[in-house]
Amino acid sequence: PTNNENKKIVKIGYIGHNDSTGENIIRAIYNIVASKDSAGIIFSMYLNYITKDWQETTIGSVTYKISPLSCRTLNIVEALKQKKEIAELCDFFSCKEIPINYYSCINPVEVFQIKGFDYNTLMYVDTSGGLNEPGDNIISGNNSDYYMHEVAHSYTGHLFPSINSFLNEGFATLIGGSGKFSYEWHRNKLKNYLEKNPQFSFADHTTNTWENLFIDKETQITYMLGALICERTLRLYGKTKLFEIFGSKMDFYETVKNVGLTKENLNKELRKEIKLPFKSVLQCLR
């Protein structure tokens, strides 16, 4: 029940069955909102219902909604930093700002909860992270009001709908880092890892962008693969060529062939790139 007699929360349990053991297991418990009106029953997202009383503040093109569990107000320093970097990103893309709803949660568990889950095995895996949902809804699980990685996804999603997932995650990482750490922090982690693991080859990991391949549970190597391609493309060819490969509808290797990369030379070229001094992200964008 809710405080409205014409509105109920419907809870759906998804059950998995193991034929060999005869056992059942709960895979997820999910909430949707059911509202009754003269036309019948209308289903809607749990997100809007559960966050309706969250503190709301708009800074520039971003409307921040702060979880009451955080016991804090908007972090104006983080919000203004994000406002400045969004302006720089729009200048880079020569586009207008996109209105974004930013849900600031205290941790990934709350991210899943406001999406509608009472239970999902993934909600307990990570201690940081977030999502960019349809409708330019960013849900942060970092107890922070700055998350340029997810903001970047809104812009690439609108401007380059067919962008390859490696390049999409790579560009977002280049612009906003990943999790709680900057791109430069992750870059140094990867650089040290490659020095200690000369047998590692990037070319062996170009099938699944979301492969479970991390350094110290923080640095996702496949994201960094894409970020290094973006960094290298900007350095050698400039943003016009970067936009060209972002707009490609071809597969990964057919796309990166346009910037001189093949399965045979990918590992060598990215190892070469990471050894170069790193410019600031702002310099990359310029």
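Taking S94, S38, S140 in turn, the Gaussian network model of the chain (Cα-Cα springs below 10 Å) assigns the largest fluctuation to S38.
Assuming 1.002 mPa s and 20 °C, estimate D for the range 1-62 with Stokes-Einstein, Rh taken as the Kirkwood radius over Cα pairs, in µm²/s.
The diffusion coefficient I find is 145 µm²/s.
Between N132, N197, N168, where does the largest GNM mean-square fluctuation fall for the chain, given springs only between Cα atoms within less than 10 Å? Judging by the Gaussian network model, the answer is N197. Dipole of the range 42-102 computed with +1 at Lys/Arg Cβ and -1 at Asp/Glu Cβ about the Cα centre; of L74, C95, T63, farthest Cα towards the positive end is L74. Note on the range 99-251: lysine pairs with Cα distance below 29 Å, sequence gap of 8 or more or different chains, count 16. Residues whose amide H comes within less than 5 Å of that of G177, counting only those at least five positions distant or on another chain, are Y183 (H built at 1.01 Å from N in the peptide plane).
Note that the chain presents 52 Å² accessible area per residue, ligands and nucleic acids not counted, probe 1.4 Å. Think of the chain as a dipole: +1 on every Lys or Arg Cβ, -1 on every Asp or Glu Cβ, centred on the Cα centre; then among S178, N24, W54, S178 lies furthest on the positive end. Decide, for the range 39-162, between rounded, prolate and oblate: order the square roots of the alpha carbon gyration tensor eigenvalues as a ≥ b ≥ c, take rounded if a/c falls under 1.5, and otherwise choose prolate if a/b is larger than b/c, else oblate. It is prolate, given that a/c is not under 1.5 and a/b is the larger ratio. For the pair R72 and I26 in one chain, pulling the backbone fully straight at 0.36 nm per residue adds 13.1 nm over the alpha carbon distance.
A 1.4 Å probe over all protein chains sorts W54, W210, W185 by accessible area into W210, W185, W54, starting with the largest. For the range 224-233, putting each phi into the Karplus relation 6.51 cos²θ - 1.76 cosθ + 1.60 with θ = phi - 60° gives couplings of 5, 4, x, 5, 5, 5, 5, 4, 5, 4 Hz, in residue order, rounded to whole numbers and with x for Gly and Pro. The string of couplings for the range 50-56 from the Karplus curve (6.51, -1.76, 1.60, θ = phi - 60°) is 6, 9, 4, 9, 5, 4, 10 Hz, one whole number per residue in order, with x for Gly and Pro. Relative to the longest principal axis of the Cα atoms of the chain, the long axis of helix 148-159 lies at roughly 90 degrees.
In terms of its alpha-carbon gyration tensor, the range 158-222 comes out oblate; a/c meets the 1.5 threshold, while b/c is at least as large as a/b. By the helix-only formula, in which each DSSP H run with n ≥ 4 contributes -39500 (n - 2.57) and the sum is divided by residues, the chain has a 222 nm mean residue ellipticity of -11500 deg cm²/dmol. Projecting the alpha carbon convex hull of the range 175-274 along each direction and taking the average yields 6.2 nm². Calculation over all alpha carbon pairs of the chain in 5 angstrom steps from 0 returns a P(r) of 1, 5, 11, 14, 15, 15, 13, 10, 8, 5, 2, 1, 0, 0 percent. Going 7 Å from the Cα of C90 in the Cα-to-Cβ direction, what parts of the range 147-164 have a backbone nitrogen less than 19 Å from that spot? 147-160, by backbone N distance to the label point. At each listed q (0.14, 0.18, 0.19, 0.23 Å⁻¹), what is the log10 of I(q)/I(0) that the Debye formula gives for the range 117-188 modelled as equal alpha-carbon point scatterers? Debye intensities relative to I(0), on a log10 scale: -0.47, -0.75, -0.82, -1.09. Along the Cα-to-Cβ line of K249, 7 Å from the Cα, sits a label point; which residues in the range 147-181 have backbone N less than 15 Å from it? Backbone N within reach: 160-164.
Specify the residue with the greatest mean-square fluctuation among Y183, Y64, Y46, computed from a Gaussian network of the chain linking alpha-carbon atoms under 10 Å apart. Of Y183, Y64, Y46, the most mobile in the Gaussian network model is Y46.
The values are calculated or read from the model by the stated rules, or taken from the named source; none is laboratory data. Quick caveat, the model's predicted, so the values are computed rather than measured. Cβ: placed from backbone, ideal geometry, glycine included. Neighbour counts: every protein chain shown. We work out accessible area using only protein heavy atoms, side chains counted, and drop any ligands, DNA or RNA first. Shrake-Rupley method; radii C 1.70, N 1.55, O 1.52, S 1.80 Å.
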